[in-house]
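Nothing in this text is a laboratory measurement; each read-out follows from the coordinates by a stated rule. Keep in mind that what you see is a predicted model, and the values were worked out from it rather than measured. Backbone-built Cβ (ideal geometry, glycine too); neighbour counts: all protein chains shown.
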Amino acid sequence: MSNTIIKINNLRCEVEGQEILKGLNLDVKKGEIHAIMGPNGSGKSTLSSVLAGKEEYEVTSGTVDFLGNDLLELSPEERSWEGLFLAFQYPVEIPGVSNVNFLRTALNERNKFLEKDQISAKDFLAMVKEKAALVGLNNKLKNRSVNEGFSGGEKKRNEIFQMAMLEPKLSILDETDSGLDIDALKIVSDGVNQLKSEKTATIVITHYQRLLDYIVPDFVHVLSDGKIIKSGDKSLALELEEKGYDWLKSDI
Amino acid sequence: MEKEVLKSFKNLTPSSIFLSKSENKLESLIKIGFPNRNSENWKYTKLSKLFKSNFNDPKSPSLKVYPKSKLPSTSTSTIVVENGKINTHLTCLDNIDGLEVALFSESGIELASKIDHTVSNYEDAFTYLNGYLLNEGINIKVKKHIKISQPLHIVNVVTKSCVAVNSRLNIELEECAELTVLQSFISENSSSSFVNHVTEAHISENANLHIDKLQDYQNNYNIVSEYINQKSNSSFTINTFSYSGLLIRNGLNIDVNGQNCHTELNGVFTVSENDYIDNHTLVNHLEPNCQSHENYKGIIEDEGIGVFNGKVIVHKDAQKIQAYQNNNNILLSDYSKVFAKPELEIFADDVKCSHGSTTGQLDEEALFYLQSRGVGLGTAQKLLLEGFIAEIADKISCEKFKEYVLGKLI
């Protein structure tokens, strides 16, 4: 069996007629952590939105293979059921929708799709308890409306909590470090590291090298103007931190 | 003139209850006539179809089985009014100390003198029509200091097509009394019928009345006119959930006639197909130091039309009033419509009042968020709509009623 989790081939994508991704290639295998770095407007968040299936993004060419599926043909919920997870940069507040109730609904819809049994209330609660402890999510926050009135740090913890609950095969963390103080950053990173396994993979999208001190990547890619212009190991991130993105741009 | 006004109702037999009053009602009705599109308060209300109908007298109750599937499964005392008359077979009323239930048809003239005190402050053609054609009325009285812990369920069911039903509920709470009423308006194997209902309530000093109301009329017409009178230190809450009906119109009028009163009116209306649901409310703050809270949420799909018109009047000497009014609507289709008009008229100078109304669509970002977590689109929409009305559903006193109401969303 192939070790590849996701294979992105020459992906081009437009938003409102403007091309953002201009032929992007990326291979992620089981057990790997990839970091994607790049300046503002380089297409980082577009990449995560396209992979999660956001409607406004129109793919004009290229293919994305996700565990043997044509990812671009799947609805956002089907992508989730197949094992894709996106931790949002700006998690939305949803008043009136309970955090744990919606997660139970999500798990049950996935189990139905995978033709597995529905999760019992007892097992679900045990799981909530275990996973919430992993990211230090306050008991009260679990039962509140989704992200409503959460601080920036609490929202990000909640994202990782949901990730832990859904046990994805590929997690994409979109600027999870933004808005986090150093303590929260550690807790969130610890959570991600504990969830890491030989069977799963993570793509970390970030501006700054800081997060990569905690979530150590196997590969670092630099995204600029819709393409990956350089790939390397974790030392590339350090070099970027030191020299800035202009160093690479002038290199081309 | 009389013929023209009563055209749709010419086959109906005038009420034999409180005879002298019913004649007065006819006179008043003829004097003011029915409203039309030129009447400010009725300008969105499509009455033309109603007036093109030719209604018949309702038939006697015949239901043998309680229409369970269409009602919340409460296990409390239940009065079933079928086609305007009591269905004695399905009515099940516990004997409760301090609670008196009487029928207008079995009461004497002494009851006649006790009703209509608040109604008579208002001129309304359908209320006059109700008095003229009244089939039956229920009078509920809770005596001083009696707190009824179990809710009382009153089911108004219409089981015949093309009939006009005129029913009435009268509630009198004496000092320090408490009562919760569940009111269900439903239809069973009926279409093109018209249920014209009037509720009048008198809430004495320190008394507390709570009403949870459900309207699910499918292909029928329903006009409910409510007249509430609150005395000092009393509390009144009404939660109205309207789900379907060719035309549903709620006219809720509350006179706050004492100090330190609490008034709360909430509603959810879901309008689909070609249905029309209209909530007109009026809170009359006549005395100082009171609070009123109003919150209505509309969900409109297909070619449905929803109307919210909430009015609060703070009279000249009613200082220190706090009156809050909110209305939010979600349109689920390109052809759905809502007309929203929050109104405040303030004649006092030391008050805290606010009003606001929003109309929009389901939050795309929230939908995508839920989908990306593996909640299918349909379920995600349902979750968001449940979330949208959650703060109102939470006000329902009876858990079974709440479950039922939430279950009816989409």
Sorted by chain and number, the residues with a modelled amide H under 5 Å from that of residue B:195, at a separation of 5 or more or across chains, are B:165, B:221, B:222, B:223
For segment B:274-302 and segment A:1-42, write down the distance between their C-alpha centroids in whole Å.
51
Can you compute the modelled spin-label distance between residue B:112 and residue A:207, with each label point 7 Å from Cα toward Cβ, in nm?
8.0
Give me the one-decimal nm value for the distance between modelled label points at residue B:365 and residue B:335, 7 Å along each residue's Cα-to-Cβ direction.
3.2
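Determine, from the Cβ-Cβ distance of residue B:97 and residue B:38 and an R0 of 56 Å, the FRET efficiency 1/(1 + (r/R0)^6), rounded to the nearest 0.05.
Once the sixth-power term is evaluated, E becomes 0.60.
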Can you pull the three principal axis extents for the Cα set of segment B:364-410, in Å, largest first?
35, 15, 15
Amide H to amide H, which residues 5 or more places from residue B:215 or on other chains are under 5 Å from it, using H placed in the peptide plane?
B:185, B:241, B:242, B:243
Label zone at residue B:88 (point 7 Å along Cα-to-Cβ), backbone N below 12 Å, segment B:33-60
none
Using a basic spin-label model with each label point 7 Å from the Cα along Cα→Cβ, how many nm lie between residue B:54 and residue B:23?
3.0
For residue B:408, go through the lysines and keep the ones whose alpha-carbon is under 20 Å away, minus same-chain ones fewer than eight residues off.
B:68, B:70, B:213, B:297, B:382, B:395, B:400
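Return the average number of partner chain Cβ atoms within 10 angstrom of each residue Cβ along peptide A:100-110. Don't skip to the end; give the middle numbers.
Values: counts 0, 3, 10, 3, 0, 9, 10, 3, 3, 7, 4.
Average per residue, whole number: 5.
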What lysines could a cross-link reach from residue A:230, if we take a straight Cα to Cα line under 23 Å and drop same-chain neighbours fewer than 8 places away?
A:7, A:22, A:29, A:30, A:44, A:243, A:249
Expressed as a whole-number percentage, the relative contact order of chain A with C-alpha contacts under 8 angstrom and at least six residues apart is 28
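Below 8 Å between Cα atoms, with a sequence gap of 6+, how large is the relative contact order for chain B in percent?
Answer for chain B is 10 percent.
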Phi to ³J(HN,Hα) by Karplus 6.51 cos²θ - 1.76 cosθ + 1.60 over segment B:220-237, Hz, x for Gly, Pro
10, 9, 8, 10, 10, 10, 10, 10, 10, 10, 10, 9, 3, 6, 9, 10, 9, 10
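Go ahead and run the numbers for FRET between residue B:145 and residue B:289, Cβ-Cβ distance against an R0 of 25 Å, rounding to 0.05. Kindly include the intermediate steps, with their values, before the conclusion.
Numbers: r = 24 Å, r/R0 = 0.95.
Approximately 0.60, to the nearest 0.05.
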Take the residue pairs B:31/B:341; A:169/A:199; B:43/B:337 and return only those whose Cα atoms are more than 18 Å apart.
B:31/B:341
Per residue of segment B:331-339, in order, report the coupling 6.51 cos²θ - 1.76 cosθ + 1.60 (Karplus, θ = phi - 60°) as ³J(HN,Hα) in whole Hz, putting x for Gly and Pro.
9, 9, 9, 6, 9, 7, 9, 9, 10
Listed residues A:179, A:149, A:17, most fluctuating in chain A (Gaussian network, C-alpha, under 10 Å)
A:17
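So what's the net charge close to residue B:299: Lys and Arg +1, Asp and Glu -1, counting the other residues with Cβ under 12 Å from its Cβ?
Numbers: positive: B:297, B:382, B:408; negative: B:275, B:301, B:302, B:386.
With Lys, Arg at +1 and Asp, Glu at -1, the net is -1.
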A convex hull over the alpha carbons of the protein assembly as shown yields, per residue, a volume in Å³ of 191
Most fluctuating of A:136, A:43, A:232 in the GNM of chain A (C-alpha, under 10 Å) is A:232
For chain B, modelled as a Gaussian network with Cα springs under 10 Å, which listed residue fluctuates most, B:141, B:64, B:337?
B:64
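In percent, how large is the relative contact order of segment B:4-138, given Cα pairs closer than 8 Å and 6 or more residues apart?
Values: 132 pairs, mean separation 52.6, N = 135.
About 39 percent, as a whole number.
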Per-residue HN-Hα couplings for segment B:286-298, Karplus 6.51 cos²θ - 1.76 cosθ + 1.60 at θ = phi - 60°, whole Hz, x for Gly and Pro?
9, 10, x, 6, 10, 10, 10, 10, 10, 8, 10, 10, x
Interchain or long-range residues, amide H under 5 Å from residue B:56's placed H:
B:163, B:164
Would you work out the charge dipole size for segment B:327-377 about its Cα centre, treating the Cβ of every Lys and Arg as +1 and the Cβ of every Asp and Glu as -1, and quote it to the nearest 20 debye?
240
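May I ask for the net charge around residue A:101, where only other residues with Cβ less than 13 Å from the Cβ of residue A:101 are counted and Lys, Arg are +1 while Asp, Glu are -1?
Values: positive: A:104, A:142, A:144, B:373, B:382; negative: A:109, B:386.
Around residue A:101, the charge tally is +3.
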